[in-house]
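Participant: Pasting a structure here, questions to come.
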Amino acid sequence: MKARKAKEYVFSNLLGMETYCKNHYNEYYSTSNFSCNITQLSKGELQTSSICAPINNVHLEIFKSNQTLLYEEEANQNSIAFCWVNNQGKKPGSNTIIGGHKMKDLSIAGFNRLNKTGGNTWDIVGANTLLCCMSLKWKLMKEKIDEMNAYNAYARIEECIGIDSNSDASFQLKKLFQYHFTKGVAKANEFYDLAIATLEDSCELPNYITERSESTELIEDLVKLLHEDRPGLPPLTIGEISKYLNSEQESLGQACRSTFNMNTLDLIKSIRLEQVKKSYLNPPVPRGLKQFTKQHNALYYGFKNCNSFQRLYFKTFEESPEETIDKASKMSVLVSDLHRGSMS
């Protein structure tokens, strides 16, 4: 079986990226009801790209962005992910966090997300970080774990959110991933075998396993709460959010500063500002109606002062709301086939 073509998708807005993420996931896991939210945390014009190289039973992707992004998705029982940073010899920034695990050179994380039934998981991808992601089908993974009696691997999936591994299996897994993007691998079995071996292998590294913490749980609940829409009701205040989460405002603030390097209010502004932008980009809504409801949409998400909102919007996205609305009618995703053998 010949490996299918690798494709690169280039996005200039996050609404388009969310749509393609949902479509890609549904292609591999058709019975799922997958949803995701992506927020730009740093300031400036956005450009992201995703290189996908399809193979049966494995979704493989290399992702990069010029801005720091917060990625939130619904947890599921269909897939299990293994993600790592490849900065090609450069030291990875400490601001990339996958499922609560702070990523280093040897980190692999993301595989715990299937345990959050009915909940959500979140990642922070640092600006200009090359993120490699492999998504495996959990049903097939579990069958292989049972066949191999890989009980340590199963325990790590259940108990931890990430590992730092210098094992031979982890190096071989990353090498196979890279080989697939340059040459093409036709069968999925080796990806599953190496993923299980990576979890099974012992390691002498300190902090090899990162378990779930209260702050990880708190951030998950906070991000999910901020994305929940309450039709006809004003946005929640920080006090109301703290009450919903049964957390002191100071504890919430410490978790935000530690995770996002910003306070709770700035995180709330970032997420709601992105929600306003997506309302301007929404394709089915006519341009004239978007212009007419421009300020109403900002008010709906809690931006009461028109001038302050305009300044904050431009400072964050380097364009005005009017320019975003104008771009919406011309919105496009650049897609190109990549010839294996020519990719770096």
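The values are calculated or read from the model by the stated rules, or taken from the named source; none is laboratory data. Nothing here was measured: the structure is a model prediction, and the numbers come from that model. No Cβ is skipped: glycine too gets one built from the backbone with ideal geometry, and neighbour counts run over all protein chains shown. The accessibility values were calculated without ligands, DNA or RNA, using every heavy atom of the protein model including side chains. Shrake-Rupley method; radii C 1.70, N 1.55, O 1.52, S 1.80 Å.
Participant: Per residue, what accessible area does the chain have, given a 1.4 Å probe and all protein chains present, in Å²?
Facilitator: Ligands and nucleic acids excluded, the result is 48 Å² per residue.
Participant: With the chain treated as a Gaussian network of Cα nodes joined by springs under 10 Å, which of G288, G110, G100 yields the largest mean-square fluctuation?
Facilitator: G288
Participant: Multiply the residue separation of D326 and M148 by 0.36 nm, subtract the distance between their alpha-carbon atoms, and state the gained length in nm to one decimal.
Facilitator: So the extension gain works out to 58.5 nm.
Participant: (i) 26, 40, 21, 12, 1; (ii) 29, 57, 13, 0; (iii) 31, 60, 9: which one is P(r) over Cα pairs in 20 Å bins from 0, in percent as calculated from this entry?
Facilitator: (ii)
Participant: For the charge dipole of the chain, defined by +1 on Lys and Arg C-beta atoms and -1 on Asp and Glu C-beta atoms about the Cα centroid, which residue among L267, W84, L281 has the Cα displaced farthest towards the positive pole?
Facilitator: L281
Participant: Hey, got a sec? Which GluC sites (Glu not before Pro) in segment 215-244 land in a DSSP loop and have at most 12 other Cβ atoms within 10 Å?
Facilitator: Filter output for segment 215-244: E228.
Participant: Then there is this: Name the residue from A255, T96, T324 whose Cα lies farthest towards the positive end of the charge dipole of the chain, charges +1 on Cβ of Lys and Arg and -1 on Cβ of Asp and Glu.
Facilitator: So the residue furthest toward the plus end is T324.
Participant: OK, next. Sum up the charges of everything whose Cβ sits under 11 Å from the Cβ of F34, counting Lys and Arg as +1 and Asp and Glu as -1, but leave F34 out.
Facilitator: Around F34, the charge tally is -3.
Participant: Which one of G44, L199, M148 is farthest out on the positive end of the charge dipole of the chain, using unit charges on Cβ (Lys, Arg +1; Asp, Glu -1) and the Cα centre as origin?
Facilitator: G44
Participant: If you rank I238, I163 by how much accessible surface each has, with a 1.4 Å probe, what is the order from largest down?
Facilitator: My answer, sorted largest first, is I238, I163.
Participant: Pairs of alpha-carbon atoms within less than 8 angstrom and 6+ residues apart define the contacts here; what relative contact order does segment 236-327 have, in percent?
Facilitator: Over segment 236-327, the number comes to 22 percent.
Participant: What's the longest bit of the chain with no exposed trypsin sites (Lys or Arg not before Pro), using DSSP loop states and at most 10 other Cβ atoms within 10 Å as the test?
Facilitator: My reading of the result: 3-303 is the longest stretch.
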